[in-house]
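In what follows, a single structure is set out as structure tokens and then discussed.
All of the numbers you see were taken from the coordinates with simple rules; none came from a lab. Keep in mind it's a predicted model, so treat the numbers as computed, not measured. In this analysis, Cβ positions are derived from the backbone assuming ideal geometry, glycine residues included, and neighbour counts consider all displayed protein chains.
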Amino acid sequence: MGRILAIANQKGGVGKTTTSVNLSACLAYLGKKVLLIDIDPQGNATSGVGINKGETSSCIYDVIIDDEDVKNVIQQTKVENLYVIPATISLAGAEIELVSTISREVRLKHALEEVKDDYDFIIIDCPPSLGLLTINALTASDAVIIPVQCEYYALEGLSQLLSTVRLVQKHLNPTLSIDGVLLTMLDARTNLGIQVIEEVKKYFQDKVYKTIIPRNVRLSEAPSFGEPIIIYDPKSRGAEVYLELAREVVKNG
Ligand code: ADP
Ligand code: MG
């Protein structure tokens, strides 16, 4: 049965999209069939796997707002086993349009029921907010992955995210769990990184992934080539660590 994972944190720039793209591609590399869903109107995950947003006519917007059949919007990527539902700029209006829509929190969940068992993993890249798109992702998911940047104020905002997770558990999706907290962009040359790791581990304990993602230039270059790191530079440290994370996620499942 397919496992649905939302990559969420309302803070921007913490590594949600980088993790969504590269975890998805690494799971695919391990032989899993993966569907990556981009629900951020910026569409960075979409372009990160090589899909040209300008040439894409239908996207996740049509599924969530217009009841389009989910199978009609799935696209193949150049990575074997990796499929994507793109986001285009039309999704920018969805947050507002959803407010007055029937069963607004469960639309993605219902849409995915049809394809859930066709994939080993479905990974959802969330926007940097706790609005209805993120609520839809949390409601549709089995578990959430929370990327936390190894920086000052790393824990800031996390209590708000956790209380949103609890509200979703209470009212919409009782079986939602936290798969793990992922420490990202660690700069090993500074003490600050080590302090943040300790602080986050004290707070989340065994919920923190053993894999820690370091800062790696190749990871930040790959998106402009529309390639996940495992394709762009399979020998890089970035590829190594995301493969390690993929193995950990498979084990958790
Ligand atoms: P979010 O989706 O949470 O907004 P992104 O994944 O887009 O965050 O990351 C923000 C920026 O940081 C991007 O430019 C991305 O390329 C870069 N980045 C993310 N993770 C790493 C990393 N481990 N090493 C270097 N750069 C990274
Ligand atoms: Mg993003």
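Couple of notes before you dig in:
- Meets criteria (at negative phi, crowded, with 18+ Cβ neighbours inside 10 Å and among the polar types (S, T, N, Q)) for THR101: no
- Cβ-Cβ distances below 9 Å connect the following pairs, each with a first residue in the stretch 195-209 that is closer than 11 Å to LEU183 by Cα and free of Cβ contacts under 8 Å to residues at least 60 places away in the same chain, a second residue that is outside any helix (DSSP H, G or I) and of a type in the set (S, T, N, Q), and a separation of six or more residues or different chains: VAL196/GLN149.
- Qualifying positions in the stretch 221-253 - among the charged types (D, E, K, R), farther than 12 Å from CYS26 by Cβ and outside any loop (DSSP other than H, G, I, E, B): GLU221, ARG237, LYS251
- Within the stretch 139-155, the residues that satisfy the criterion of being touching a residue at least 60 places away in the same chain (Cβ under 8 Å) and over 17 Å from LEU245 (Cα atoms) are ALA140, SER141, ASP142.
- Being closer than 30 Å to ARG104 by Cα, over 17 Å from the mean Cα position of the chain (by Cα) and outside any loop (DSSP other than H, G, I, E, B) is not true of ARG218.
- Residues located in the stretch 197-209, provided they are touching a helix residue (DSSP H, G or I) at 6+ places or on another chain (Cβ under 6 Å) and either over 17 Å from GLU156 (Cα atoms) or within 16 Å of ligand 2 (Cβ to nearest atom) (or both): TYR209
- Those residues of the stretch 9-24 which are in contact with a helix residue (DSSP H, G or I) (Cβ under 7 Å, 6 or more places away or on another chain) and surrounded by 24 or more Cβ atoms within 10 Å (Cβ to Cβ), in sequence order: ASN9, THR17, THR18, SER20, VAL21, ASN22, LEU23
- Among all positions in the stretch 25-39, there is no residue which is among the acidic types (Asp, Glu), over 20 Å from SER236 (Cβ atoms) and surrounded by fewer than 24 Cβ atoms within 10 Å (Cβ to Cβ).
- Taking each residue of the stretch 4-30 that is under 26 Å from THR175 (Cβ atoms) and looking for partners that are more than 13 Å from ligand 2 (Cβ to nearest atom) and of a type in the set (Phe, Trp, Tyr) with beta-carbon atoms closer than 8 Å, six or more apart or interchain, yields ILE4/PHE121; LEU5/PHE121; THR19/TYR242; LEU23/TYR242; SER24/PHE121; CYS26/TYR242; LEU27/PHE121.
- Hits in the stretch 1-18 (condition: β-branched (Val, Ile, Thr) and more than 9 Å from ligand 2 (Cβ to nearest atom)): ILE4
- For the stretch 227-247, filtering for residues that are surrounded by fewer than 19 Cβ atoms within 10 Å (Cβ to Cβ), more than 19 Å from GLN149 (Cβ to Cβ) and within 17 Å of the chain's Cα centre (by Cα) leaves 1.
- Top-ranked residue in the stretch 57-91 [being over 20 Å from GLU113 (Cβ atoms) and in contact with a helix residue (DSSP H, G or I) (Cβ under 6 Å, 6 or more places away or on another chain); ranked as surrounded by the fewest Cβ atoms within 10 Å (Cβ to Cβ)]: SER90
- Residues (under 23 Å from ALA239 (Cα atoms), assigned to a loop (DSSP other than H, G, I, E, B) and of a type outside the set (Ser, Thr, Tyr)) located in the stretch 158-214: MET185, ASP187, ALA188, ARG189, LYS210, ILE212, ILE213
- Residue list for the stretch 211-224, restricted to those being away from ligand 2 (no atom under 16 Å from the Cβ) and either touching a strand residue (DSSP E or B) at 6+ places or on another chain (Cβ under 9 Å) or in contact (Cβ under 8 Å) with a residue 40 or more places away in the chain (or both): THR211, ILE212, PRO214, ARG215
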